[in-house]
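The values are calculated or read from the model by the stated rules, or taken from the named source; none is laboratory data. Here the structure is a predicted model, which is why all the values come from computation and not from measurement. Reconstructed Cβ throughout: ideal geometry from the backbone, glycine too, with neighbour counts over all protein chains shown. When the accessible area is computed, the model is the full protein with side chains, heavy atoms only, and any ligands, DNA or RNA have been set aside. Shrake-Rupley method; radii C 1.70, N 1.55, O 1.52, S 1.80 Å.
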Amino acid sequence: MTLTDPDGNVYLDFSSCIATTNIGHSDPNVTEAIKKQIERILHTSPSDFYSELTTKLAEKLVEITPGNFPKRVFFSNSGTEAIECAFKVARWHTGRIRMISFIGSFHGRTFGSLSLTGSRAHHFNKFSPLVPEVTHVPYAYCYRCAFKKEYPKCGLECINYIENIVLKSICPPEELAGIVVEPILGEGGYVVPPSDFILELKRICEANNLLLIFDEVQTGFGRTGKLFAAEHWKVEPDIICLAKAIANGFPMGATVCKSKIMDWIAGSHANTFGGNPVGCAASLATIESIISQRLWENSEKLGNYLLFRLNEFKEEFKSIGDVRGKGLMVGVELVKNKNTKEPAREERDLVLKHCFEKGLLLLPGGFSTLRFAPPLIITKEQIDIGLNILYQTFKGLKL
Ligand SMILES: Cc1ncc(COP(=O)(O)O)c(C=O)c1O
């Protein structure tokens, strides 16, 4: 749960180094699995020569990801590559080039994934032209509804917009490969959509023969109180993109896809390092640890506690506009004024800096959100220690 800097200062980690070290830093089982594999063999170029661990991990991911149907797995080294694979296989299988993705979402920084991303203008600055024919639509970010409506009175205007405006005016379903969505926005500020948003997306995909692609790079592996966020809605996506916590910090990405969709011929997509046996050893040990300790349950339980306490802070502090989350993926959005909801970005950055100086690691996200994503092994006492630092920070800064 802690990190120590070169001067010996100890930090309580509420970031998991971007939702990655879900089972904590330096987990002895993961370290041991990596050491053992390094002594055996480092590399086998798994796109030509399978190694046992690569196959084992593929079987494990097929087993634990939502959807009781045959699947295939493509391994890579990062989240952005997991998305690139999904983008390419969706085009390959459907023969259609268009994609829908969401404003506020983050899918990576290589050209394909950047083209799907919609979280910050500076990600795009000087990099155009991007991959064409991606239509970005508003996410169900109810605190800042793009349509200025209120849930549930809105009747899900964001879904209506996709179905009755986008698909009918600018994006013919016959040319559309699929919809790429983060089930909970990550970099966009830990925005949890209403449940029917995800279910309605599924319905739109089924009605129009579109692929539903979940980016679970940040939400996967117990983070949200389920092993995968899709389980909250009992939705079985056609493609699931994974990375970050998959190997607790060892670089690895995976695209898990319905077999009948990943029907491309050998060589359509490949790489040198994906499925590297050391990464697979780290991943298998990580998954074993998450499953044997049922860490998603701790995530749900302590996530609820964290939400409860932060909602108390919201009552007390004038700058906390919104508190939201699922499991240990919790966002606190700071505003200059609770009525106008003007983002308090500088204040958010000050909170981050002060917490850092007092030994608490948090992350920024969205316009002015503090992101809480501690390792899933966290205890109630550690949450209280972190929240005491946060409380003193808000008091000290008169927020
Ligand atoms: C939801 C999501 N998708 C994709 C990515 C890209 O992953 P990577 O940085 O490993 O390329 C990220 C990274 O933050 C992410 O949060």
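Take the conditions assigned to a helix (DSSP H, G or I) and under 29 Å from ARG91 (Cα atoms) and apply them to ALA245. Does it pass?
In short, yes.
Give the residue, chosen from ALA146, ALA140, that is open to solvent by 50 Å² or more (accessible area, probe 1.4 Å) and assigned by TED's automatic domain parsing to the domain that holds ASP263.
ALA146
Looking at region 317-347, which of its residues are out of contact with any Gly (no Cβ under 7 Å at 6 or more places or on another chain), open to solvent by 60 Å² or more (accessible area, probe 1.4 Å) and touching a residue at least 40 places away in the same chain (Cβ under 8 Å)?
Matches in region 317-347: LYS318 only.
Regarding SER26, is this residue crowded, with 21+ Cβ neighbours inside 10 Å and at pLDDT 95 or above?
no
Somewhere in region 236-246, is a residue more than 10 Å from the ligand (Cβ to nearest atom), open to solvent by 40 Å² or more (accessible area, probe 1.4 Å) and touching a residue at least 40 places away in the same chain (Cβ under 8 Å)?
yes
Within region 138-170, restricting attention to residues that are among the charged types (D, E, K, R) and assigned to a helix (DSSP H, G or I), which residue is nearest to the ligand (Cβ to nearest atom)?
By that ranking, first place goes to ARG144.
How many of the residues making up region 88-116 are of a type outside the set (Lys, Arg) and open to solvent by 10 Å² or more (accessible area, probe 1.4 Å)?
Filtering region 88-116 for residues of a type outside the set (Lys, Arg) gives 89-90, 92-95, 97, 99-108, 110-116.
From what's left, open to solvent by 10 Å² or more (accessible area, probe 1.4 Å): 92-95, 97, 103-104, 106, 110-111.
Counting residues in region 88-116 that are of a type outside the set (Lys, Arg) and open to solvent by 10 Å² or more (accessible area, probe 1.4 Å) gives 10.
Pairs needed: first member in region 90-104, more than 18 Å from ALA140 (Cα to Cα) and assigned by TED's automatic domain parsing to the domain that holds LEU176; second member anywhere, assigned to a helix (DSSP H, G or I) and among the basic types (Lys, Arg); C-beta distance under 8 Å; at least 6 residues apart or different chains.
Between residues of region 90-104 that are more than 18 Å from ALA140 (Cα to Cα) and assigned by TED's automatic domain parsing to the domain that holds LEU176 and residues that are assigned to a helix (DSSP H, G or I) and among the basic types (Lys, Arg), the close pairs are ILE97/ARG91.
Test ILE162 against the criterion of being within 24 Å of ALA373 (Cβ to Cβ), among the hydrophobic types (A, V, I, L, M, F, W, C) and not assigned by TED's automatic domain parsing to the domain that holds LEU362, and give yes or no.
In short, no.
From the residues in region 171-200 that are among the aliphatic types (A, V, I, L, M) and within 16 Å of the ligand (Cβ to nearest atom), which one is farthest from ARG223 (Cα to Cα)? It would help to see each step written out before you state the result.
Our first condition is that a residue be among the aliphatic types (A, V, I, L, M); within region 171-200, this holds for 176-177, 179-181, 184-185, 191-192, 198-199.
Right, trim to within 16 Å of the ligand (Cβ to nearest atom) and you get 179-181, 184-185, 191-192, 198.
Numbers: ILE179: 23, VAL180: 20, VAL181: 17, ILE184: 11, LEU185: 13, VAL191: 14, VAL192: 13, ILE198: 18 Å.
If we take residues in region 171-200 being among the aliphatic types (A, V, I, L, M) and within 16 Å of the ligand (Cβ to nearest atom), then ILE179 is farthest from ARG223 (Cα to Cα).
Could you list, in sequence order, all residues of region 16-67 that are more than 20 Å from the chain's Cα centre (by Cα), under 27 Å from THR224 (Cβ atoms) and in a loop (DSSP other than H, G, I, E, B)?
SER26, ASP27
Go over the candidates SER259, SER283 one by one and state the one that is away from the ligand (no atom under 16 Å from the Cβ), touching a residue at least 60 places away in the same chain (Cβ under 8 Å) and in the same structural domain as PHE106 (by TED's automatic domain parsing). Outline the logic, then answer.
Details: SER283 fails: away from the ligand (no atom under 16 Å from the Cβ).
Answer to the check: SER259.
Taking the residues in region 97-129 that are of a type in the set (D, E, K, R) and within 15 Å of the ligand (Cβ to nearest atom) as candidates, determine which candidate is nearest to the chain's Cα centre (by Cα).
First pass over region 97-129, keeping only residues of a type in the set (D, E, K, R): 98, 109, 120, 126.
Of the ones still in play, those that are also within 15 Å of the ligand (Cβ to nearest atom) are 109, 120.
Working: ARG109: 14, ARG120: 16 Å.
My answer is ARG109.
Need a quick list: strands (runs of 3 or more DSSP E) entirely within region 329-399 having at least 1 residues that are among the polar types (S, T, N, Q).
Values: elements: 329-334, 363-365, 369-372.
Answer list for region 329-399: 369-372.
Looking only at region 269-309, how many residues end up being open to solvent by less than 20 Å² (accessible area, probe 1.4 Å) and not in a helix (DSSP H, G or I)?
Final tally of qualifying residues: 2.
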